[in-house]
Each structure stands twice: as C-alpha cells, then as structure tokens.
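Below is one structure, written out as structure tokens; the observations come after it.
Laboratory data are not the source of any read-out in this text; all were calculated from the coordinates shown. This structure is a prediction, so every number in the text was calculated from the model and none was measured. In this analysis, Cβ positions are derived from the backbone assuming ideal geometry, glycine residues included, and neighbour counts consider all displayed protein chains.
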Ligand code: A3P
C-alpha cells in the first residue's frame, strides 16, 4: 500500500469541509471526525490501519491518550518481555546496560501504529509489521472506536493507561511548547476543556476503553498512572500476569529499575536525537513524572471548572481520578 492509495481512500470517505474544524496551538487545523479531534494525516492512517491491519492472537496493543504514561508503559512492557526471554539475574545497581532500553528509546522499541506504521509517507507498513517477532508490542493513541475490527475480534490483549486530566494537560502543554513553540497555558486549558486536543476529548477517550474493559476484562487491562506511581510492584505484577508473563519479585524490581524515569532520562540514547517518523526530540518525553504537578499551573477556578466537567462526564461510569 502506498501513501497515495490512503490519500485517495480518504478523499472517497472523508469530506473535510463537512467536519467541525478547530485551530490547535493557534496554527494547526484539527477536525472532529466520528467524535474525536484528529489531524487529517491521522485520519488517513486510521483508514489504512482499519483496512489493512491483521492482528495476531498474541499481539499486545498498548493504548493511551497522549501524556498519560505511554513512555513508561512501553518501557515496562519491553522490559517484561525481555526479562522473561533472557532470564534476568542482574542486580538493579549492578549496572546492566545491555538491555534493549539502554540502546533504544522506548518509542523506537514500541511503534505507535498510526504514526510509525501507517503514517504519512511510509510505503511499507506490511513489511514493518511482518518483520516484528511475536509477541508483537504495538502502541496506539487512537480511541477504541477507531481500532480495526481485526484487533477487536482477535484474542490479542490491550493495555490502556490513563492519568488524571489536570496532570495530563500540564504535561501536554510542556510537550507541545517544546515541539511547536510558546503558547499561553490559559489558551491550552481553554481548548482542552472544550475537548480540543488531538485524539480528544480526553475523557471520552478514557470512557471508551473503560466500558470495553468492563465488558472484556480478560482482553483489556485498565491502568492508571497514579496507581503505577503509588504501587509500582503491584501494578507491574498485575500487568505481567495479564500478558501471560508472570514475574517474581526480583524480576519486578528489575523491570521497575530498567523502566524508571531517572534511569531512562540519563541514558545517552535518550539525551539527544529524534524518534518516530515525525522526528520528535527524544528527551522531551521525560520531564518530572510526578502526581499533582498541576497545582503549580492551575488557578482555583480552572481546577473547579475542569473537575466539574470531568465529574459530569464520568458520572455513573465507576472511574475516578485520585489527583
Ligand atoms: P510529566 O510531563 O508530568 O513529567 P507520555 O509518555 O504519554 O508522553 O507521557 C509523558 C509523561 O510521562 C511525562 O510526565 C513524563 O515525564 C512521564 N514519564 C516518561 N517516562 C516515564 C517513566 N519512565 N516513569 C514515569 N513517568 C514517566
């Protein structure tokens, strides 16, 4: 499949002029397509993903809204699979620098499908996918409703990570400032409460995966960034068992050390250079990694307002956010 074929399928199926449009970061056009805000290039990727992707029953699909812990989840899963394949017996202070994460950024280890497989100008998605050995670890920022039927119908597993909306927004703002240039936090806030972030509205994204998790808890695991911070060992044990790779206590410690923010931030491989088809500087994926940083950015009114919007959307769903 070449990129021109995805372009023509988009022309056949999506008339951008008929979709609600918004300006993102004051300069980029976003369109509301089937309930979620998307860049046109992502719509093309979604169509190609939906019509071409063939899930393997042992695929592990990581899913997340941007800035909710994607990098950490990728790193943890890479380490779990590697730990089990190698038989890991290094001390966490023993300086094991031979693992995959010491050589490759987590986003190079686990590809985000809509950007790095079916992304713009990528001519060989089938080769990329067939070249990955099983179990394939793949990632997506897409909402559940955008996923190909092949994923929904196969026995593959999905691991979704979420994070409280206020920290997610602050993290998103920092990331975008580094990527697209200065932008007032107040404006980013105003857009986010209207749901205008790519892949947003955030809470709608969360709810889609949450309801599917409630229907199919053996297929979809639902994790929270805050719980990973609070009980990392318990959460990693749960995750490893979910993907059929249960870890002992020593292995869990190993995985947590290898995937830790402090370690990844300091690795040469993450300090310079870019990753992904979109050439994103690797170091901007690593910042503070704390819960509650939003308190340094939100006014009381912003807090009240976003909490109220979040509460109203989540009402009756059974999900709450701790921060
Ligand atoms: P902050 O900006 O709040 O520090 P994503 O990976 O989805 O893009 O999310 C990025 C957020 O996760 C950033 O949060 C980043 O610092 C944090 N993060 C990245 N790697 C991490 C890790 N290994 N452990 C914990 N948090 C991590």
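Taking only the Cα atoms of the chain, the radius of gyration and Dmax are 19.2, 59 Å.
Give me the number: length gained by fully extending residue 127 to residue 178, i.e. 0.36 nm times residue separation minus the C-alpha to C-alpha distance, one decimal in nm. Write out the running numbers ahead of the final one.
Numbers: separation 51, 0.36 × 51 = 18.36 nm, distance 3.25 nm.
The span from residue 127 to residue 178 would gain 15.1 nm if fully extended.
What ranking, highest mean first, results for peptides 70-77, 57-64, 246-253 when packing means the other Cβ atoms within 10 Å averaged over each residue? Let's see the in-between values first.
Values: 70-77: 25.0, 57-64: 21.5, 246-253: 16.1.
Taking the mean over residues of other Cβ atoms within 10 Å, the ranking is 70-77, 57-64, 246-253.
Can you give the Kirkwood hydrodynamic radius of segment 104-164 from its Cα pairs, in Å with one decimal? Spell out each step's value before the answer.
Values: mean 1/r = 0.0773 Å⁻¹.
Averaging 1/r across every pair of different Cα atoms and inverting gives 12.9 Å.
Inter-label distance, residue 269 to residue 283: 1.8 nm, where each label sits 7 Å from its Cα along the C-beta direction.
Mean residue ellipticity at 222 nm from the helices of the chain, using -39,500 (n - 2.57) per DSSP H segment of n ≥ 4 over the full residue count, to the nearest 500 deg cm²/dmol? Could the numbers behind the result be given before it?
On the way: 17 runs with 155 residues, N = 323.
Computed mean residue ellipticity for the chain: -13500 deg cm²/dmol.
In this rough spin-label picture, where each label sits 7 Å from Cα along the Cβ direction, the residue 21-residue 233 distance is 5.6 nm. Note on segment 156-268: Cα-Cα pairs beyond 20 Å make up 55% of the total pair count.
Listed peptides 195-203, 295-303, 162-170, 268-276 appear in the order 162-170, 195-203, 268-276, 295-303 once ranked by packing, highest mean of other Cβ atoms within 10 Å at the front.
Sorted from longest to shortest, the spans of the Cα atoms of segment 60-189 along the three principal axes equal 49, 42, 28 Å.
In this simple spin-label model, placing a label point 7 Å from the Cα along the Cα-to-Cβ direction at both residue 186 and residue 304 gives a separation of 1.7 nm. Packing, as the average of other Cβ atoms within 10 Å across residues, places the peptides 110-119, 228-237, 211-220 in the order 110-119, 228-237, 211-220, highest first.
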